[in-house]
Amino acid sequence: MVYLNNAATSYPKPMCVRETLVRTIDAPPSGQYRSAGISDAGDIMGECRKRLGAILGIRDENRIFFSSGSTESLNMLFGGLGIPPEQIITTVTEHNSVLRPLFNRTGGAPVLLPCDAEGFVSPAVFEAEARKGAARAAVLNHCSNVTGTVQDTAEFGRIARKYGLVFVLDVSQSAGCLSVKADEWGVDALAFTGHKSLLGIQGTGGFFVREGVPFTPVMFGGTGRDSRVIVYGSESKGLSDIHAPSASDGYEYEVGTQNMPGITALNEAAGFLLSKGIEQIIAEEKALTEYCTARLSKIEGIRLIGQGNHAHSPVISFQSDILPPADLAYVLQNSFGIVTRAGLHCAPLIHKYIGSGEQGTVRVSFSLFNTKEDIDALAAALEEFS
Amino acid sequence: MRIIGKRKSLETCTEAGWDAFDLLTEAPLTDEDIICLRAVEGSFLYLRKLKKPFFKIENHNYIVKGVQGDSFFRFAVHRDHADEVDRLAEMFR
């Protein structure tokens, strides 16, 4: 099998991640602040936060909180920030993990910025919208999961700061395979997932909220700490001896039993990435992407979608003159053993702008475990159609 | 060709509001089997020159597609016409 669907979930995982996961499941369980001296899981979480902070460009890693992934993180962010959708600027390049929470919250619709045929959103258009003064937040997809196009995030951050907007960045597709500099870019909140280029497993991820950004927990429950406290905030609700005056301590954002096997695996994966070096990974995956672009662009009847001069993640979308995307992906998988993804990729709005229509695209996406031989196999398969 | 069962496809067409099933055949699909499937109503596409030839039959309500040599073919159907999958399976039972 040739696996070219890493933008959905990366495969395979580094051997050390697998071994750590198995070892964690085999060991007696523990949870943050709840262990009975078996092991200190808090150290794993702390180490994982530190490593993620290094990957995401966040110095205050204690403001990184774990969740089940980007979708949960974004829902928690939008709920916790409490900004009505109509006061939020976002883009047509967003994934449904952004669009659906925003469009289904009480209130109006968010403002949608268009993109060009490559999937690039103009910072000038963003500034023109921000200048109107109606918005309080901006939500940006760092790079498109359809075209791979990387946005000018630093410029978005500058504009957001200039107009006093809370800047939320979705790095689901970029964390681990692109340079992310949350602090430098002025990111106020960020969502990430663990199972894509961070090389962790499904059901892991998290979010970051900068200290000082007004943010209310969306979920409440047991944390293993200060168990007598039931009521947070200024109102005691008749429980004066068991309420805390402030909900600002970070641990309230991680409630219930945490996914320790997943977080331990994510910690190992983050360590693997840092040890290899993000810049090295970027270089290797960029070489694969460029090689694939060059190969596919020479095949008659294959049309690359969203290619151009902007920076790209290791993702390529294309269409064929012979078969619609769903059928081409079916043939690639069942005739050639090549796993891709076809369709809208849960990003329904971008296709009108990049010219891929209602059927979407076939998408191939790479990890550092792919090789040029994988791409040669894809090219050879597609050449059979020309 | 004889259909011996069906299973819900792991790779559905849910983005478009369709469901997909894999219809299991008692033996790998041959060229003859695929030609036989032309009896199913709809436009017929057969890419015979591929190493593992691909076929597709499409009408407004469903899509049938598969690859020669596999012991299944896919049946994608709009939810409003979900009963069509059993009708087709019955034709080749």
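Quick one: if you stick a label point 7 Å off each Cα along the C-beta vector at A:CYS16 and A:ALA134, how many nm between them?
5.1 nm
For A:LEU113, which sequence-distant residues (separation of 5 or more, or a different chain) have an amide H within less than 5 Å of its own amide H, given hydrogens modelled in the peptide plane?
When sequence neighbours closer than 5 places are left aside, the close amide H contacts are A:THR90, A:THR91, A:VAL92.
How high is the relative contact order of chain A, in percent, with contacts defined as C-alpha pairs under 8 Å that are six or more residues apart?
23 percent.
Using a simple charge model, +1 on the beta-carbon of Lys and Arg, -1 on the beta-carbon of Asp and Glu, nothing else, what dipole does the protein assembly as shown show about its Cα centre, in debye to the nearest 20?
For this selection, approximately 140 debye.
Calculate one ³J(HN,Hα) per residue across segment A:175-185 by plugging θ = phi - 60° into the Karplus curve 6.51 cos²θ - 1.76 cosθ + 1.60, and present them in order as whole Hz with x for glycine and proline.
So the Karplus estimates, Gly and Pro as x, are 4, x, 10, 9, 6, 10, 10, 4, 5, 4, 8 Hz.
Mind checking which lysines have their C-alpha under 25 Å from A:LYS286, skipping anything on the same chain fewer than 8 residues away?
Counting by Cα, and skipping residues close in sequence, A:LYS286 has these lysines nearby: A:LYS13, A:LYS181, A:LYS196, A:LYS276, A:LYS298, A:LYS372.
Normalise the Debye intensity by I(0) for the protein assembly as shown, one equal point scatterer per Cα, no solvent, then take log10 at q = 0.08, 0.09 Å⁻¹ and round to two decimals.
Once normalised to I(0) and log-transformed, intensities are -0.55, -0.69.
Counting Lys +1, Arg +1, Asp -1, Glu -1, what net charge surrounds B:HIS60 among other residues with beta carbon under 13 Å of its beta carbon?
-4
State, to one decimal in nm, how far the label point of A:ALA117 lies from the label point of A:PHE369, with both points 7 Å from Cα in the Cβ direction.
Between A:ALA117 and A:PHE369, the simple spin-label model gives 3.7 nm.
If amide hydrogens are placed 1.01 Å from N in the peptide plane, which non-local residues have theirs closer than 5 Å to the one on A:THR216?
Answer set, sorted by chain and number: A:LEU81.
Which order do A:ILE322, A:ILE354 take when ranked by solvent-accessible area (1.4 Å probe, heavy atoms of all protein chains), largest first?
A:ILE322, A:ILE354
If one computes the Cα centroid of segment A:332-359 and of segment A:275-303, what distance in Å separates the two points?
Between the Cα centres of segment A:332-359 and segment A:275-303 lies a distance of 18 Å.
Tell me, how many Å apart are the Cα centres for segment A:197-237 and for segment A:99-154?
Each part reduced to its Cα centre gives a spacing of 26 Å.
Farthest toward the dipole's positive end in the protein assembly as shown, which of B:ALA39, A:SER144, B:ASN61, given Cβ charges of +1 (Lys, Arg) and -1 (Asp, Glu) about the Cα centre?
The one lying farthest along the dipole's positive direction is A:SER144.
Quick check of the Kirkwood formula: for segment A:15-276, what is the inverse mean of 1/r over all pairs of different Cα atoms, in Å?
19.2 Å
With θ taken as phi - 60° and the coefficients 6.51, -1.76 and 1.60, list the Karplus ³J(HN,Hα) couplings across segment B:61-74 in order, rounded to whole Hz; mark glycine and proline as x.
Going residue by residue, I get 9, 7, 10, 10, 8, x, 10, 4, x, 7, 9, 7, 9, 9 Hz, with x marking Gly and Pro.
Dipole size in debye (nearest 20) for segment A:92-163 around its Cα centre, Lys and Arg Cβ +1, Asp and Glu Cβ -1?
440 debye
Nearest-5 percent of antiparallel DSSP beta bridges in segment A:15-276?
40 percent
So who's got an amide H within less than 5 Å of the one on A:SER67, skipping anything under 5 residues away but keeping other chains? H placed 1.01 Å off N, in plane.
Those qualifying (amide H under 5 Å, at least 5 residues apart or on another chain) are A:GLY205, A:GLY206, A:PHE207.
Counting Lys +1, Arg +1, Asp -1, Glu -1, what net charge surrounds B:PHE72 among other residues with beta carbon under 10 Å of its beta carbon?
+1
The values are calculated or read from the model by the stated rules, or taken from the named source; none is laboratory data. Source: prediction; values computed, not measured. Virtual Cβ from ideal backbone geometry, glycine too; neighbours counted across all protein chains shown. With ligands, DNA and RNA removed, areas are computed over all heavy atoms of the protein, side chains included. Shrake-Rupley method; radii C 1.70, N 1.55, O 1.52, S 1.80 Å.
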